[in-house]
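Since the structure comes first, as structure tokens, the remarks are kept for the end.
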Amino acid sequence: LAGGPGQAGSDVLLLLKAAFDRVRATRDIVFIDQRGTGRSGKLGCVSKPEHETMGDAELMAELRACIAANKSPLSAYTTLAAARDLERVRLALGYGQVNLWGGSYGTRLAQTYARAYPSSVRALVLDGVAAPDQVIPAGGRDSQTALDGVFAACAKDAACHKAYPNLRTEFDGLVTRLEAGDLRLSLPNPRTAEQTSFTMSSDRFLGTVHNILYAPADARRLPFLIHNASQGRWQPFIARQNLAGDFGNDASMSMLLHFAVVCAEDVPRFTPELMKADAAVLARPLAEMMPKLCRDDIKVPAVPYAEPTRIDAPALLLSGALDPVTPPHRAASAARSMAHAQQIVVANAGHGVSQLGCAPRLLRAFLDHPQDKLDAACMAEIPAPTFQLGSAGPQP
């Protein structure tokens with residue numbers, strides 16, 4: 001079960017080799033395209049090369065046009081509806097009990113399925129665990145903790161501190177500058193080398209920084225990107241910003257499915273009190289945009305929050321200590337309503353653990369004997385990535 005919400009199971013087939021190499025030797029693996037994603041009636045918006053150079057107002061107009069053109073009833077695309085679909089898939093394939101692997105939002109879907117169909121679940125592996133009470137736009141404190149961790153690690157690293165002695169000041173300066181107004185940049189396009197105009201807004205800058213924090217190896221590039229941008233050299237930052245846009249494939253997020261789920265299940269619980277308590281600079285663009293978009297454009301009824309019932313199936317919870325969206329305390333919260341949960345926290349991992357180090361072997365060991373306690377000491381052997389100090393890339 002893939003993440004998002006909005007990612008399709010067919011988008012993460014690379015996990016077959018990276019994470020499921022040991023598991024696939026003895027088990028069938030079924031990748032699910034959740035309704036509204038991939039080949040299950042994808043509710044997507046067309047990604048265009050010109051989006052990279054548009055301003056925020058133009059991008060919002062494009063998004064609203066995509067929403068307006070949609071003909072599907074978005075109220076039908078809830079997590080519980082997706083869980084019911086999973087049960088139909090299980091029955092159609094003739095399986096008895098199944099093991100569930102979920103990543104990020106997929107952990108919410110897995111927990112929902114396990115509660116709705118407890119007799120259908122043998123065990124769960126949850127990677128980047130979303131707590132049942134987690135509100136997706138409310139991630140300010142978690143993202144700020146991850147960003148502060150990068151700044152602190154750079155300050156402790158002699159080479160990084162020497163290269164970027166004023167890193168936090170430079171970041172704060174960029175935030176202040178962009179809050180005063182968008183920057184219009186003219187520089188060689190990272191894709192074509194043609195001179196191109198780019199609009200750098202506060203929201204785009206903060207959103208890119210937040211995205212970079214998901215993977216520790218990427219986050220260790222952040223000091224280099226911030227420092228260069230603060231000196232007026234925006235080319236590396238623009239290149240990284242555009243990295244997510246690959247116009248040669250259709251593996252992009254199903255944005256309308258994402259909004260359908262978040263507007264129905266999360267935004268109604270995003271109270272003014274929570275907004276105030278969770279306020280942080282990296283979460284501000286999402287926190288400001290989502291409630292208005294849900295109210296004015298998506299317009300789906302709220303799904304009432306239900307207190308989580310107990311999950312009896314054995315569960316393995318995987319957490320990266322550097323994760324900016326589902327850090328270890330989210331998994332600990334989810335585990336409180338699980339009868340047989342064991343959590344593994346990986347010090348040098350971010351958002352996604354299953355493919356790292358000895359994790360593929362641990363997944364196989366857990367699924368073979370889900371009641372047994374795992375010895376996960378080998379996960380401590382995963383090293384911290386090195387910082388990027390120059391254009392040639394990270395240090396050796």
**For residue 320, distant residues with modelled amide H under 5 Å away** = 128, 346, 352
**Asked** Measuring from label point to label point, each 7 Å out along Cα→Cβ, what is the residue 88 to residue 16 span in nm?
**Response** 2.6 nm
**Item:** Neighbour cut-off at most 14 other Cβ (10 Å), DSSP loop, trypsin sites (Lys or Arg not before Pro), segment 46-150
**Value:** 71
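Roll a 1.4 Å probe over the protein chains and send me the accessible area per residue for segment 265-396 in Å². Let's see the in-between values first.
Details: 6570 Å² over 132 residues.
That works out to 50 Å² for each residue.
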**Message:** In whole Å, what are the extents of segment 169-290 along the principal axes defined by its C-alpha atoms, from largest to smallest?
**Reply:** 44, 39, 29
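Of the heavy-atom accessible surface of segment 236-380 (probe 1.4 angstrom), what whole percent is carbon and sulfur?
Working: 3740 of 6620 Å².
The nonpolar share, carbon plus sulfur, comes to 57 percent.
Helix-only mean residue ellipticity at 222 nm, the chain, DSSP H runs n ≥ 4 weighted -39,500 (n - 2.57), per residue, nearest 500. What is it?
Working: 16 runs with 157 residues, N = 396.
Result for the chain, helices only: -11500 deg cm²/dmol.
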**Request:** Tell me which residues come under 5 Å, amide H to amide H, from residue 343 once H is placed; ignore anything under 5 positions away on its chain.
**Result:** 317
**Prompt:** residue 102: net charge of surrounding residues, Cβ under 10 Å, Lys/Arg +1, Asp/Glu -1, itself excluded?
**Reply:** 0
**Request:** State the extension gain, in nm to one decimal, for the chain segment bounded by residue 197 and residue 75, taking 0.36 nm per residue of separation less the distance between their alpha-carbons.
**Result:** 40.0 nm
**Request:** Would you look at the GNM of the chain, springs on alpha carbons closer than 10 Å, and say which of 195, 355, 134 moves the most?
**Result:** 195
**Request:** From zero up to wherever the largest Cα-Cα distance of the chain sits, split into 10 Å bins and tell me the percent of pairs in each.
**Result:** 5, 21, 32, 27, 13, 2, 0
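Dividing the Cα convex hull volume of segment 247-354 by residue count, how many Å³ per residue is that? Working shown, then result.
Numbers: hull volume 18.5 nm³, N = 108.
Convex hull volume per residue, Cα atoms: 171 Å³.
Evaluate the relative contact order of segment 315-396 (contact order divided by residue number), counting alpha-carbon pairs under 8 angstrom at least 6 apart; express in whole percent. Intermediate values should be presented prior to the final figure.
Numbers: 108 pairs, mean separation 22.6, N = 82.
Here the relative contact order equals 28 percent.
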**Fill in**
Listed by chain and number, the residues whose amide H is under 5 Å from that of residue 121, excluding neighbours fewer than 5 places away on the same chain and using placed H, are 98
**Request:** At a 1.4 Å probe radius, which order do 87, 273 fall into by accessible area, largest first?
**Result:** 273, 87
**Message:** Out of the chymotrypsin sites (Phe, Trp or Tyr not before Pro) in segment 241-321, which ones are loop residues according to DSSP with at most 14 other C-beta atoms within 10 Å?
**Reply:** 247, 305
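Once you have the Cα-Cα distance between residue 66 and residue 155, take 0.36 nm times their residue separation minus that, and quote the gain in nm to one decimal. Intermediate values should be presented prior to the final figure.
On the way: separation 89, 0.36 × 89 = 32.04 nm, distance 4.41 nm.
Full-extension gain reported as 27.6 nm.
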**Fill in**
Treating only Lys and Arg (+1) and Asp and Glu (-1) as charged, each at its beta carbon, one finds that segment 263-376 has a dipole about its Cα centre, in Debye to the nearest 20, of 80 debye
**Complete:** Contour minus Cα-Cα span, residue 369 to residue 276, at 0.36 nm per residue, comes to 29.0 nm
**Message:** At q = 0.16, 0.22, 0.23 Å⁻¹, what log₁₀ I(q)/I(0) does segment 12-81 have when each alpha carbon counts as one equal point scatterer in the Debye sum?
**Reply:** -0.80, -0.99, -1.02
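How many percent of DSSP beta bridges within segment 240-396 run antiparallel, rounded to 5?
20 percent
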**Message:** Step by step: find N for segment 1-151, compute 2.2 N^0.38 Å, then divide the Cα radius of gyration by it. What's the final number?
**Reply:** 1.20
**Fill in**
Once the in-chain neighbours fewer than 8 apart are removed, the lysines whose Cα is under 26 Å from residue 292 read 42, 48, 71, 276
**Prompt:** Among bridges DSSP assigns within the chain, what percent are antiparallel (round to 5)?
**Reply:** 30 percent
**Item:** Between segment 160-205 and segment 327-396, the alpha-carbon center distance in angstrom
**Value:** 33 Å
**the chain: most fluctuating residue of 266, 372, 323 per GNM, C-alpha cutoff 10 Å** = 372
**Asked** Can you give the three extents of the C-alpha atoms in segment 129-194 along their principal axes, from longest to shortest, in whole Å?
**Response** 47, 32, 28
**Request:** Report the relative contact order of the chain, percent, no decimals, based on alpha-carbon pairs under 8 angstrom and at least 6 residues apart.
**Result:** 25 percent
**Request:** Using a Gaussian network model of the chain whose springs link C-alpha atoms within less than 10 Å, name the residue from 239, 287, 146 with the highest mean-square fluctuation.
**Result:** 239
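The values are calculated or read from the model by the stated rules, or taken from the named source; none is laboratory data. Being a predicted model, the structure only gives us computed values, none of them experimental. Cβ coordinates were reconstructed from backbone atoms using ideal geometry, including for glycine residues, and neighbour counts include every protein chain displayed. Calculation scope for accessible area: heavy atoms of the full protein, side chains included, ligands and nucleic acids excluded. Shrake-Rupley method; radii C 1.70, N 1.55, O 1.52, S 1.80 Å.
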